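Report on one structure; see the data block that follows.
The values are calculated or read from the model by the stated rules, or taken from the named source; none is laboratory data. This structure is a prediction, so every number in the text was calculated from the model and none was measured. Note: ideal-geometry Cβ built from the backbone for every residue, glycine included; neighbour counts use all protein chains shown.
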Amino acid sequence: MRIQNAHYAVPDLKEHLLAVAHRARLGDYADAASLLNTALQKIQAFLRNPGISEKTMQKCMFSLETMYMMQKQDDWIALADVIEYEFVPILKSLIHSGTISAT
């Protein structure tokens, strides 16, 4: 099932998450935290997509739990790694598979 909806604007979500990772790597933790809060709202809407498989949903939830743990431990570099190397690739795979639209 291919979904096209403004709530699932993956490029926007992907860029927002990459901005969080970038700010975290620069040591701008306050800005990274603020951007992360906004990103989490977008992720919540994204995860409502009925086309996302249970397996992919589990991967997303694992990455989100890991991001939460890293933020709680003030390990912003690890949080940036999870975003860049776990969560964003999930988004890209959903676009590539046709599950969600890139627009």
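Brief remarks on what is shown
- In the set (1) out of contact with any Lys or Arg (no Cβ under 8 Å at 6 or more places or on another chain); (2) over 18 Å from Ser93 (Cβ atoms); (3) surrounded by 12 or more Cβ atoms within 10 Å (Cβ to Cβ); (4) at pLDDT 95 or above, the condition left unmet by Thr38 is number (4).
- A residue that is in contact with a strand residue (DSSP E or B) (Cβ under 9 Å, 6 or more places away or on another chain), over 13 Å from Phe87 (Cβ atoms) and exposed (fewer than 11 other Cβ atoms within 10 Å of the Cβ) occurs nowhere in segment 56-72.
- The residues in segment 33-56 that are over 12 Å from the mean Cα position of the chain (by Cα), free of Cβ contacts under 8 Å to residues at least 24 places away in the same chain and not in a helix (DSSP H, G or I) can be counted, and the count is 0.
- Within segment 57-80, residues that are at negative phi sit with their Cβ atoms under 7 Å from residues that are basic (Lys, Arg) and surrounded by fewer than 17 Cβ atoms within 10 Å (Cβ to Cβ), at 6+ positions apart or across chains, in these pairs: Ile77/Arg25; Ala80/Arg25.
- Qualifying position, being crowded, with 17+ Cβ neighbours inside 10 Å, modelled with pLDDT of 90 or more, in a helix (DSSP H, G or I) and of a type outside the set (Val, Ile, Thr), among Ala19, Ala30: Ala19
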